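Student: Have a look at the structure that comes next, please.
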Amino acid sequence: MTGPIAALRIPTRRNAELLMLLFSVLIVVAAEAAVEATRDGHLSAHLATYAAVPVAIGLVTHLVIRKVAPYADPLLLPIAVLLNGLGLVMIHRLDTGLKQQAAENHESFQAAAPTQVLWTVIGVALFVALIVLIRDHRSLQRYAYTLALVGVIFLLLPAVLPARYSEVNGARIWIRVAGFSIQPGEFAKILLTIFGAAYLVAKRDVLSLAGRRVGFAVRRRFIGFDLPRGRDFGPVLVVWLVCIGVLIRGHDLGTSLLFFGLFIVLLYVTTERVSWVIIGVLLFAVGAYLSYKLFGTVQTRVGVWLHLFDTADPVPKSNTCSPAYVYCNTGYQLRQSLFGLGTGGIFGTGLGGGHPELVPLPATDFIISSFGEETGLFGVVGLLMLYSLFVARGLAAGLAVRDSFGKLLATGLSFLVGLQLFVVVAGVTRLLPETGLTTPFLSYGGSSLLANWVLLALLLRVSDAARRPATTPPPPPQAKATPQPVGVDA
């Protein structure tokens, strides 16, 4: 729709976004007030701090979007601000419990909430820079191979660095220098999503026609399914194999599963052929079996998953997962998570009223368990509904955008959030073996938070293009008739 009516809808959409941002901030402030009232019996200056952060984030991002992406989806940003704010509240609440626990054990303690606030500010700055600089998401398509190369380098770095610079709890997925750590795989997944979308758009016809005889073309079959030519499918397969190999080398099987699922979904959306999904599932089964046979880390996690309550571990004195505490690898962490969820029940113990700090790494891998104990089943379902709405709006942007690259990009980014959440919740609830992935926007960690704000910026840019009215080109000028002299017949 064009003209005055479409112009009138822009302020209406942005005003609705502003109201939802205010509502999100009120929820965050109420959650922090509940924590302080329960833990301390009174409100403190922390309430103003944790209210100012979401207010500043919402105001800055809203003004930027209103200026450079006025047609963007009005729900995506408020959901992200709400999740980020609730994550800050829970991390601060866990700091109070962990501080008390450290004092009882005569150990040093460093609060995580201030660091997470700093990462949030950096993430918002990166979000603003991207959405201002990238005015058209289709411009990313021109740099697909360059971005893929950068993504593969990001994945290779932790594997080639010495273990003391890259290994944490058995997984070589970090880069640690001078007390600073970053997980490059979080950014690699976005870069490779861009590459996958661009490449599959270019090769869509070839991949869709796989299995159909054209002229005298030779059929290539795999367990009953026809495959495309190697020169068409080869580059994507090579990138996928490199990513999977590097991630298995680093013992980061959770991110491996994420990349594999993304690869299969993009391929299915591009070709609309179920045969690719079947082949993908078979390849995943083979890869999972080989990983189980080759890597002790996978065997340990599967053993914990299958026989969680068969052995009893001593209660640790510390809450950090390190090689000195084998309970992190023998089920103590997952058992405490399930006990916390059971303690929370339907309505929870109330924010600040439980003991989620008893779970090792409660602010990262198991922050969903922390919310489950103190907000109960209702609170966890509310969080899952927020994520579901976020993914649905991202998929809706992919359906509405006019170009094929935008469709695949929005689909891939939305699927990344949905699959990562599923794997995290399944691991916490023992539906699947625990993988160590973080919960988007909620968990403590700079790499994850920065990557999620980048993902949000790209989704909003695609959404803006999808909702922007199509401009109608002006009609071509008509040739003027040559005047005839008076009295002369034409």
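The values are calculated or read from the model by the stated rules, or taken from the named source; none is laboratory data. Values in this document were obtained by computation on a predicted structure and should not be read as measured data. Methodologically, a virtual Cβ is constructed for each residue, glycine included, from the backbone with ideal geometry; neighbour enumeration extends over all protein chains shown. Only protein heavy atoms, including side chains, enter the accessible area calculation; ligands, DNA and RNA are left aside. Shrake-Rupley method; radii C 1.70, N 1.55, O 1.52, S 1.80 Å.
Student: If we count every other residue with Cβ under 14 angstrom of Lys99's Cβ, Lys/Arg +1 and Asp/Glu -1, where does the sum land?
Tutor: After counting each charged neighbour, the total is -3.
Student: First measure r as the distance between the Cβ atoms of Ala56 and Leu126, then evaluate 1/(1 + (r/R0)^6) with R0 = 22 Å and state the FRET efficiency to the nearest 0.05.
Tutor: That pair, Ala56 with Leu126, gives E of 0.90.
Student: What distance in nm separates the two pseudo spin-label positions at Tyr289 and Gln100, each 7 Å out from Cα along the beta-carbon direction?
Tutor: It is 5.1 nm.
Student: What accessible area per residue comes out for region 53-206, rounded to a whole number of Å², with a 1.4 Å probe?
Tutor: Result: 44 Å² per residue.
Student: Would you calculate the separation in nanometres between label points at Ala111 and Asp40, each defined as 7 Å from the Cα along the Cα-to-beta-carbon direction?
Tutor: About 0.9 nm, to one decimal.
Student: Using a Förster distance of 60 angstrom, determine the FRET efficiency expected from the C-beta separation of Asp403 and Phe378, and round it to 0.05.
Tutor: 0.90
Student: If Lys189, Lys407 are ordered by their accessible area, calculated over protein heavy atoms with a 1.4 Å probe, which sequence runs from highest to lowest?
Tutor: Per-residue accessible area, sorted high to low, gives Lys407, Lys189.
Student: In addition: Kindly state, to the nearest 0.05, the FRET efficiency for Gln299 paired with Val238, given R0 = 25 Å and r defined as their beta-carbon distance.
Tutor: E between Gln299 and Val238, to the nearest 0.05, is 0.30.
Student: Starting from 0.36 nm per residue, how many nanometres of slack lie between Phe347 and Tyr268 once their C-alpha separation is accounted for?
Tutor: 24.4 nm
Student: Follow-up question, since we're still on this one. For every other residue with a beta carbon closer than 10 angstrom to the beta carbon of Trp305, add +1 if it is Lys or Arg and -1 if Asp or Glu, then tell me the sum.
Tutor: Net local charge, Trp305 excluded: +1.
Student: Continuing with this model, one more query. Can you give the net charge of the other residues whose Cβ lies under 12 Å from the Cβ of Val417, counting K and R as +1 and D and E as -1?
Tutor: +2
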